[in-house]
Amino acid sequence: MCAIKDTPMEKARLLIIGGGPAGYTAGIYASRAGLSPVLYEGPEPGGQLTTTTLVENYPGFANGIDSLSLTSAMRDQAKNVGTDIRRGVITKADLSKRPFAFEIDGAPAIEADAVIIATGATAKYLGLPSERKYRGMGVSACATCDGFFYRKKDVAVVGGGDTACEEATYLAGLCRKVYMIVRRDVFRASEAMQNRVKNTSNIEILWNCNTREVLGDDAGVTGVRIERKDGEVFDIAVDGFFLAIGHHPNSDLFKEWVEIDGNGYIVTDGCSSHTNVEGVFAAGDVQDPHYRQAINAAASGCRAALDAEKYLKK
């Protein structure tokens, strides 16, 4: 990647990239520490939390809270304590020299002594128009987040790897029946995960199947239209449709300098937020391949801000 042109740019002590729970929480802690952080929200302010509706597993809200209200409250708190929150997308980064340099929306814009990468991860979807239509109305990419709403109902899970098996067994503990839609005739999951699925009585595996359409009405998802490899087309009635075909960490912009694992997640040192580049920290789903929960992302943002504070004051 070419270096960013040596032109006069704004200077910040700390730049936070990403406007989800991790980024906003980092902004709150960094502002209270007197670091005067600048936060660019990126293309999806609020992060993956905005793809769901009611959040019932975030502490402090006895009756749950609307996801947009929660992310808005996080943003307002970060702004009120002094975070300089801006709309805009980091389109180029140069972490080869200090201060680090960044382009915003294609133009050289800002340098920073330290940076927190909180760009999140994007759930993979099938790309069906009906899938997008019913997103948040029965279509979900997080069983842990939304499974509670489907207690004693029928749902479908798409995927054949470890994540799909884990999501299916989790949902099986809540739902009346779980269909697993698997496009091959075998799982890609580990033997242990396969056995858990096969030994769960209310999971039915639909082998050699692909989703043609998510069915629904004004109230949300009502079923799934499925096609077998032999050409047979049939419908199943479900209230929820869960994607479990993986996530893509939004780390591509930084991979020239920052160490990433085989799945694209930024590697951090132990339970800290330190990357292999001194002064560069990572928080939230961009470095978390396991939990993918708002509360965990927020805690990660806290750690990143505390690590950045120690680095900048060292």
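For the structure I just gave you, tell me whether L49 is over 20 Å from the mean Cα position of the chain (by Cα) and either assigned by TED's automatic domain parsing to the domain that holds R292 or more than 25 Å from F148 (Cα to Cα) (or both).
Values: over 20 Å from the mean Cα position of the chain (by Cα): no; either assigned by TED's automatic domain parsing to the domain that holds R292 or more than 25 Å from F148 (Cα to Cα) (or both): yes.
Spelling it out, it is not the case that L49 is over 20 Å from the mean Cα position of the chain (by Cα) and either assigned by TED's automatic domain parsing to the domain that holds R292 or more than 25 Å from F148 (Cα to Cα) (or both).
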task = Quick one: which residue in G136, G120 is surrounded by fewer than 19 Cβ atoms within 10 Å (Cβ to Cβ) and small (G, A, S)?
result = G136
query = Applying the selection to the range 276-294, what residues are touching a helix residue (DSSP H, G or I) at 6+ places or on another chain (Cβ under 8 Å) and surrounded by fewer than 22 Cβ atoms within 10 Å (Cβ to Cβ)?
reply = E278, G279, R292, Q293
message = Tell me whether the range 211-219 contains one or more residues that are within 26 Å of Q293 (Cα to Cα), modelled with pLDDT of 95 or more, within 23 Å of the chain's Cα centre (by Cα) and not in a helix (DSSP H, G or I).
response = yes
task = Output the residues belonging to the range 98-147 that are assigned to a helix (DSSP H, G or I) and within 15 Å of V238 (Cα to Cα).
result = S130, E131, A143, D146, G147
query = G82: surrounded by 20 or more Cβ atoms within 10 Å (Cβ to Cβ) and not β-branched (V, I, T), yes or no?
reply = no
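Under the condition of being closer than 19 Å to D252 by Cβ and part of a loop (DSSP other than H, G, I, E, B), which residue from the range 57-97 is farthest from the chain's Cα centre (by Cα)?
It comes out as S96.
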request  = Give the residue, chosen from V186, V178, V157, that is under 18 Å from W207 (Cβ atoms), outside the structural domain of E56 (by TED's automatic domain parsing), of a type in the set (V, I, T) and loosely packed, with under 15 Cβ neighbours inside 10 Å.
outcome  = V186
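The values are calculated or read from the model by the stated rules, or taken from the named source; none is laboratory data. Just so it is clear, the model here is predicted, and its values are computed rather than measured. In this analysis, Cβ positions are derived from the backbone assuming ideal geometry, glycine residues included, and neighbour counts consider all displayed protein chains.
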